[in-house]
Each structure stands twice: as C-alpha cells, then as structure tokens.
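Take a look at the structure below.
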Amino acid sequence: MTERECECGWKGSGEKGEISGMNHINNINGGVASGVPLAHGLVNKEGTWLLRSGRRVQRKISRPLKPLAIWVATCALLFSPCVSVHGGWPKADGDFSNYEVPLSAQIVNRIKAKVAARLGECKNTQDRYFIVPFAYQNKGNSPEFSHSFISVIRVLADNKQPRFTSGFRRGRYKGRNFEAFTISWLPHDFDTNPHLCVFDGIGSRVDPKKNKCPISVGRSFKLDETVKLAVNVKNAVGMWGPYEIKKEAFELGVKRKRLLDGGTIRYRADDRLYRKDRVAINCFHAMAGLEELYPNGGFSRDGI
C-alpha cells in the first residue's frame with residue numbers, strides 16, 4: 001500500500017489528533033514529557049537523590065535547611081538578570097518576500113499550508129474540520145479598536161462527490177475540496193462608518209443602565225473584509241491555529257452563523273442588558289460559547 005493510500009481520520013478522545021481547547025498546546029518534540037521519567041529517576045518523594053541503579057549518593061536534606069534552600073532559590077529566580085534567547089543565528093536581513101502580498105492573502109495561504117500539513121499526504125476517508133481564532137487591536141488596546149472573530153473550515157473527504165453548504169466560501173487546495181465561513185460580528189455599516197460606541201455616559205462601565213450607546217443592526221463580515229478593517233487603521237492582527245475540531249463543534253458554528261444571518265439579533269458592544277434575551281450581542285459573544293449567547297462571569301459579567 002502506497003503512502004497516499006493510507007487512511008487518515010479523526011482520532012478519538014485522548015489521542016494525538018484531538019484538540020480539547022484553544023489553550024491546549026501539543027508537545028511535538030516531547031521535551032517536557034521526556035524530562036519527567038528523568039526527574040523521577042533522580043529524585044524520590046522524600047527528596048533523597050538516587051542514581052539510576054537506586055544507590056543513594058546524598059542524604060536527604062534536613063527539615064531546618066529546607067526553608068533556607070527554598071528562600072535562596074526564590075531570590076535567585078527573582079533577582080537574576082533576564083537573558084534574551086534567540087532561535088538560531090540572527091539574520092542580517094529580514095524576510096520581505098511577502099511584502100507586496102495583501103495581509104488577507106497571507107493569512108489564507110498560511111491557513112491552507114497548515115491544514116494541508118495536518119492532513120498529510122495519505123487518503124482522507126472522512127471530512128475533517130478546523131477552527132481558526134483571530135483578534136485585532138491597536139497599540140493602546142482601546143475597546144473601540146478591538147475585535148475578535150473566527151473562521152471555520154471543512155475539508156471534504158477524498159474521492160467523493162463534494163456536497164458544499166449553501167452560502168459558504170469554497171475552494172480546492174492540493175487536490176482537496178474545502179469550504180469555510182467566518183463569524184465576525186459587527187455593526188452592518190462598520191466598513192463605511194468605523195466609529196464603534198462601547199461606553200457612553202458617566203459610570204457606564206460599571207452600570208450598564210447608564211450606557212447611552214445605541215443598538216445597531218448587525219452583520220457577520222467575511223474574513224477578507226474583516227482583515228481589511230484592521231489594515232485600514234493599522235491594527236495588529238493575531239491568529240491562532242488552525243485547530244482540528246470534531247464534526248459536532250463544526251455544526252455548532254454553522255448553527256450560530258445561521259442564527260446571526262437570520263436578522264433577529266442585533267449588535268451592541270456592551271451587551272450586558274441585551275444578550276440574555278437575544279436582543280443584541282457583541283463580537284465576543286457571537287463566537288464564544290457557541291452553545292449559549294450569554295456566558296456570564298467576570299467583574300462586568302461579560303463572560304471574560
């Protein structure tokens with residue numbers, strides 16, 4: 001059986017293929033995991049140092065000296081000078097190969113390359129699903145210049161007649177068909193009127209009833225449209241992933257997009273009084289907690 005004919009598919013819970021959350025990072029090189037057996041081989045639970053053979057080389061530290069040792073180690077960590085670490089030799093010149101390529105095109109190309117690497121060269125016998133979280137903000141972290149959004153991707157199984165979802169963007173990359181959509185919830189005219197009202201009124205940050213910002217008709221912008229909004233005001237754009245997800249998670253994203261596109265929910269940056277009744281939500285709640293629109297929590301009860 002050739003390499004291309006081998007089967008690739010989603011791996012179940014606890015296996016390498018699953019990403020349980022956006023904060024999860026796979027240890028590809030095994031650096032941390034490989035160090036654990038070494039630590040257990042050198043130190044036992046009583047603090048006695050042992051060789052691999054188990055022979056004692058030093059008696060365990062006496063109890064009166066343990067606090068002193070901890071204090072010395074803490075001081076060493078707190079007051080030691082910081083040293084910058086470089087990954088490899090410093091380059092004389094930067095890489096400007098993509099200088100003339102629009103940022104949205106760079107992002108799409110990077111997503112395609114990352115997903116293709118994840119799929120590998122072998123045959124895909126089932127659909128695969130991915131999510132890509134994004135955020136942008138200005139240098140001052142101003143709320144009115146901040147935004148969060150996600151793109152969701154379905155790569156169709158190989159050698160099957162593609163059945164695309166209506167309204168999704170579709171394409172083909174390295175012989176594989178895919179479709180994608182973006183949830184980027186903003187006022188419907190934000191591209192022509194990019195002046196976002198977040199808090200208006202004395203004490204409005206603490207008391208939502210004092211906030212005079214209006215409720216707007218909402219719209220989910222496409223990925224290239226959203227990136228252009230950030231570029232227009234020279235915001236920094238952050239991207240994470242792509243992370244592979246299960247079919248159920250993809251379907252939740254589709255359900256949320258359909259809800260937003262239905263026109264029954266509007267937009268408001270400070271949505272504390274409106275999201276529970278599904279009157280209006282902000283960009284964060286449009287994509288976060290796909291199973292509910294109002295994950296309350298935090299100081300301002302905004303779910304963050």
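The values are calculated or read from the model by the stated rules, or taken from the named source; none is laboratory data. Bear in mind the structure is a predicted one, so any value in this text is a computation, not a measurement. Cβ coordinates were reconstructed from backbone atoms using ideal geometry, including for glycine residues, and neighbour counts include every protein chain displayed.
For the reader, a short list of remarks on this structure follows.
- Residue count for segment 206-225, restricted to those that are assigned to a helix (DSSP H, G or I) and under 29 Å from the mean Cα position of the chain (by Cα): 4
- Hits in segment 184-225 (condition: touching a helix residue (DSSP H, G or I) at 6+ places or on another chain (Cβ under 7 Å), touching a residue at least 40 places away in the same chain (Cβ under 8 Å) and either on the phi > 0 side of the Ramachandran plot or surrounded by fewer than 17 Cβ atoms within 10 Å (Cβ to Cβ) (or both)): 204, 224
- Residue in segment 106-117 that is part of a strand (DSSP E or B), farther than 21 Å from residue 231 by Cβ and free of Cβ contacts under 8 Å to residues at least 40 places away in the same chain present: no
Residues are listed down the side, and each one gets a yes or a no for (1) assigned by TED's automatic domain parsing to the domain that holds residue 251; (2) closer than 23 Å to residue 219 by Cα; (3) not in a strand (DSSP E or B):
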| position | (1), (2), (3) |
| --- | --- |
| 135 | yes, yes, no |
| 139 | yes, no, yes |
| 154 | yes, yes, no |
| 167 | yes, yes, yes |
| 172 | yes, no, no |
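- Filter result for residue 228 (in the same structural domain as residue 145 (by TED's automatic domain parsing), surrounded by fewer than 15 Cβ atoms within 10 Å (Cβ to Cβ) and assigned to a helix (DSSP H, G or I)): no
This table checks each residue for (1) modelled with pLDDT under 95; (2) in a helix (DSSP H, G or I); (3) within 23 Å of the chain's Cα centre (by Cα).
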{"position": "194", "(1), (2), (3)": "yes, no, no"}
{"position": "201", "(1), (2), (3)": "yes, no, no"}
{"position": "204", "(1), (2), (3)": "yes, no, no"}
{"position": "234", "(1), (2), (3)": "yes, no, yes"}
{"position": "248", "(1), (2), (3)": "yes, yes, yes"}
{"position": "253", "(1), (2), (3)": "yes, yes, yes"}
{"position": "260", "(1), (2), (3)": "yes, yes, yes"}
{"position": "264", "(1), (2), (3)": "yes, no, no"}
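- Some residue of segment 122-131 being at pLDDT 90 or above, of a type in the set (Ser, Thr, Tyr), under 23 Å from residue 254 (Cβ atoms) and in a helix (DSSP H, G or I): no
- Positions within segment 207-227 being charged (D, E, K, R) and under 21 Å from residue 272 (Cβ atoms), in sequence order: 207, 209, 210, 212
- Every residue from segment 235-292 that is surrounded by 14 or more Cβ atoms within 10 Å (Cβ to Cβ) and among the basic types (Lys, Arg): 246, 256, 257, 266, 268, 272, 275
- Residue tally, condition assigned to a loop (DSSP other than H, G, I, E, B) and either within 27 Å of residue 113 (Cα to Cα) or among the hydroxyl-bearing types (Ser, Thr, Tyr) (or both), over segment 266-289: 2
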